[in-house]
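Working notes, structure below.
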Amino acid sequence: MIGRDISVLLDKELKDLWRDRKTLITTIILPLVMLPLLGIVSLALIAQQPVNVAIVDLDSTRSTDPLLNLTVDSRWLVDNLTYHLHKYGYNVLLANSTQVVSDPDVDVVVVIPEGFSRNATSLKTTAKITVYRKAGYQSAARAESTIHSIVSVFSRNLSNYKLKALSKLAGINATLSALRNPVQAYTELVTVHGVPVSIEVELRNAFARILVLALSFVVTPAASYVIDGIIGERERKTIELLLVSPAPLSHIIYAKMIAATILGIIAAIFDALGLVTYIVLASISYGANIGLIIDYKLLIIHAITAFFTILATITIALPFITRTRGIRSASNVAGIVTTVGIVFFFTGFMIDYVKLSPEILYPLYIIPYVHSILAIQTYMLGYIYRSLLHLLFLAIVSIGLLVFTTKTINSEKLLIAPP
Amino acid sequence: MVELVLIAKDLHKVYDDGTYAVKGVSFSVAEGEIYGLIGPNGAGKSTTLRMIAGLIKPTRGEVYVDGLNVFEKPVVVRKKLGYLPEEAEVYGRLTGYEHLEFYAKLYGVEDIEETVKYGVELSGLGDRIYDRTSNYSKGMRRRLLLAIVLMRKPRLALLDEPTSGLDVYGSVRVREVIKKYVRETRSAVVLSSHNMLEVEYLCDRVGFIYNGRIVVEDKPSRIIERYNVSNLEEAFVKAIEGFEKK
Ligand SMILES: Nc1ncnc2c1ncn2[C@@H]1O[C@H](COP(=O)(O)OP(=O)(O)OP(=O)(O)O)[C@@H](O)[C@H]1O
Ligand SMILES: [Mg+2]
């Protein structure tokens, strides 16, 4: 029977893998703990970056427009900014002069110029505020956008007041939005078939994109396992006894590939779980509904995709791995293949492959990773059948390639390291 | 008539890097016979054994085991073969017992339990057989390897320096195991060694291999007689000196 020796070999591989705690810990515990931990740590760190905002009020006056019966005090804006910026965790200091811009410790400076309250109350002028932001800090950019939204709320309230006063003066009955936004655009979120969907679908798509990205984490451990399994047997001098057995070389390699893929799929599952944990933790802090984002069918598709993606990767790397001198050069070769994969998964994170025109997409079909990406992307768009087709193609290519490449390897080449 | 288990015919090996390692080695081994390959480092002993085991393809020449060509009928012949490589190692995360089980199953032996039991006995490891091999000494690992090879009672056992790395007691034990094994199974054994005492004690016939060729072949006692010396070691030195002069 053909399968018997493979199962004997696989049993040995799995026993060995199961007892290889270091490998298991790095592929299981690491993603499961590290991904959520990284998320938490980065969230925590974001909050921990002190951003110093200085407010310079060069106006400090109150103006009233008698016609509109509107009063504005520049200090009201200062109080508003101080209150909200504090609430978001920024440090606020009040300064007397624009000199403060040159202070390296200050990240953002808001300057309220002279004449602010007068210009703000007038019907002819606009009051301009200058925000100086130090280039290069993400945290400063966040503070800047907070300032802009505070200012725009302040401005809208003023505008509303002015509109109300004017319509009263004109003796007309107008709706504020008819004056402020006479033309508005609305978006209805629908599937490719036009069925209305909720916003969660967008979030789910975002999750699927992250899953595509996560594929790049699983190809690397699987590739190193295959390298260790094949070149390592030679270096640890266990290979000769195996090669002299009646089991064909191809079966010895199949067993190793299956073990590596099992390891890879374990990694894929735990990566996904790590991501889910991260999303759960993140959404707890944002108060969103997670149950709708996590789609278990998607996780299954992801696992199957991961399985064949890994198989394709290690199969492509295999002929090179078996023809190299040692673990290090084998790792270099495998590194190139996995990097190609990682680059594609990154593009899959950003590009909708489904949307590419056939002239561009069809030539790309020769790259197995494109099918990995498409399997997930088409599934997310509701094309279940196409998704399965890509999976099938991936399966045929990776298994076919495996059978072909193992035929090109002979045991003498494997036993004797190239000079 | 004695039945020949192994026939090696005019074996040559040129490695990929151009090294001409074996230059026409022919010999045969009969049932129940222990044949010793001895020669200086780099003479071509391991290369010859690897060709017989079917691990590397001879550049020229043929190998027959029980009349079957090693490269034409690999699966049948490999089951008849036991090969102990010069530098073999075991899997550190598996126990000795698991090794015996694994190889018994891999070779598809009929009675796995019986085979493994015999393997445990051959190894002489006692209860340590249930330990992971990462806890074994070098000698213990070598004995386990020998048990892996011999437990299946192969028709032809190829043992490349079976006692290398063993202490005196370990070596004596291994020699006893080999001797007893051949007596019980009537198998044929080819072994290589640098220990002339061992060869003299174990082997029915020896072949001096020098620079890829068998230059002297006979019973140890007859070789000693021919060179008019007191032991095989002296005969070996004398023979090699003779060839170095040429
Ligand atoms: N993989 C290889 N590639 C190239 N040359 C090799 C290879 N293996 C062995 N040789 C060369 O072939 C020759 C015979 O080597 P072999 O290992 O058969 O000798 P040996 O008799 O077993 O030596 P030792 O007593 O040291 O084990 C040597 O010159 C060796 O350098
Ligand atoms: Mg040798």
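Any read-out appearing in this document is the output of simple, stated calculations on the displayed coordinates, not a laboratory observation. Every value quoted in this text rests on a predicted model; they were computed, and no experiment measured them. Don't worry about glycine lacking a Cβ; one is built from the backbone with ideal geometry, like all the others, and counts go over all protein chains shown.
Other residues lying with their Cβ under 13 Å from the Cβ of B:LEU68 contribute a combined charge of +2, Lys and Arg counting +1, Asp and Glu -1. Among A:ARG204, A:ARG386, A:ARG75, the largest mean-square fluctuation in a Gaussian network model of chain A (Cα springs under 10 Å) belongs to A:ARG75. Largest GNM mean-square fluctuation among B:LEU94, B:LEU166, B:LEU37, using chain B with Cα springs under 10 Å: B:LEU94. Between 0 and 90 degrees, the angle of helix A:138-170 with respect to the longest Cα principal axis of chain A falls at about 40 degrees. In this label model, A:GLN49 and A:ALA135 are separated by 1.7 nm, measuring between points 7 Å along each Cα→Cβ vector.
Listed by Cβ neighbour count within 10 Å, with the fewest neighbours leading, A:VAL244, B:VAL63 appear as B:VAL63, A:VAL244. Here the label points at A:SER152 and A:GLU359, each 7 Å from Cα along the C-beta direction, are separated by 4.0 nm in the simple model. Between B:LYS219 and A:TYR296, the distance separating the two model label sites (each 7 Å from Cα on the Cα→Cβ line) works out to 7.9 nm.
On full extension, the segment bounded by A:LEU389 and A:GLU412 gains 4.4 nm, given 0.36 nm per residue less the C-alpha separation. Using C-alpha pairs under 8 Å with a sequence gap of at least 6, the mean separation divided by the residue count of the stretch B:125-193 gives a relative contact order of 37 percent. With the dipole of the stretch A:50-180 worked out from charges on the C-beta (+1 for Lys and Arg, -1 for Asp and Glu) around the Cα centre, which of A:VAL72, A:PRO113, A:SER97 lies farthest toward the positive end? The one lying farthest along the dipole's positive direction is A:VAL72.
Dipole check for chain A: with +1 at the C-beta of Lys and Arg, -1 at the C-beta of Asp and Glu, and the Cα centre as origin, the magnitude is about 200 Debye. Each part gets one Cα centre, and for the stretch A:378-419 versus the stretch B:169-246 those centres are 51 Å apart. Quick check: Cα centre of the stretch A:1-78 to Cα centre of the stretch A:109-179, how many Å? Using only Cα atoms to place each centre, the spacing works out to 33 Å. The local environment of A:ARG75, defined by Cβ-Cβ distances under 9 Å, has a net charge of -3 under the rule Lys, Arg +1 and Asp, Glu -1.
How much length is gained if the chain between B:ARG132 and B:GLU72 is pulled fully straight, taking 0.36 nm per residue apart and subtracting their Cα-Cα distance, in nm to one decimal? Write out the running numbers ahead of the final one.
Numbers: separation 60, 0.36 × 60 = 21.60 nm, distance 3.75 nm.
Contour length minus Cα-Cα distance gives 17.9 nm.
Here the sum of -39500 (n - 2.57) over DSSP H runs of 4 or more residues, divided by the residues of chain B, equals -12000 deg cm²/dmol at 222 nm, to the nearest 500.
Charges were assigned to the Cβ only: +1 to each Lys and Arg, -1 to each Asp and Glu. The resulting dipole of the stretch A:50-180 about its Cα centre is roughly 640 debye.
What lysines could a cross-link reach from A:LYS22, if we take a straight Cα to Cα line under 25 Å and drop same-chain neighbours fewer than 8 places away? Those lysines meeting the cut-off are A:LYS12, A:LYS237, A:LYS256, B:LYS138.
Label zone of B:THR59 (point 7 Å out along Cα→Cβ, amide N under 20 Å): in the stretch B:207-225 this covers B:209-215.
Sites counted here are chymotrypsin sites (Phe, Trp or Tyr not before Pro) in a DSSP loop (not H, G, I, E or B) having no more than 14 other Cβ atoms within 10 Å; the longest part of chain A that contains none of them is A:187-364. Neighbours of B:TYR136 by Cβ distance under 12 Å: Lys/Arg scored +1, Asp/Glu scored -1, total +4.
Against the empirical curve 2.2 N^0.38 Å, the C-alpha radius of gyration of the stretch A:50-180 lands at a ratio of 1.17.
Comparing B:VAL174, B:VAL120, B:VAL2 along the charge dipole axis of chain B, the residue lying farthest to the positive side is B:VAL2, per the Cβ-charge model.
Say the cut-off is 22 Å between C-alpha atoms; which of B:LYS179/B:LYS219; B:LYS9/B:LYS73; A:LYS15/A:LYS297; A:LYS407/B:LYS57 go over it? Going by Cα-Cα distance, A:LYS15/A:LYS297 fall outside the 22 Å limit.
Here is the size of chain A from its Cα atoms: Rg then Dmax, 31.0, 103 Å. Sparsely packed loop sites in the stretch A:180-234 (the GluC sites (Glu not before Pro) outside DSSP H, G, I, E and B with at most 13 other Cβ atoms within 10 Å) comprise A:GLU188.
Return a whole-number percent for the relative contact order of chain A, with Cα pairs under 8 Å and 6 or more residues apart as the contact set. Intermediate values should be presented prior to the final figure.
Details: 513 pairs, mean separation 76.7, N = 419.
The value is 18 percent.
Given the DSSP H assignment, sum -39500 (n - 2.57) over each helix run of at least 4 residues in chain A and divide by its residue total; what's the result at 222 nm in deg cm²/dmol, nearest 500? Write down the numbers at each step before the final one.
Numbers: 16 runs with 277 residues, N = 419.
Roughly -22000 deg cm²/dmol at 222 nm, from the helical runs in chain A.
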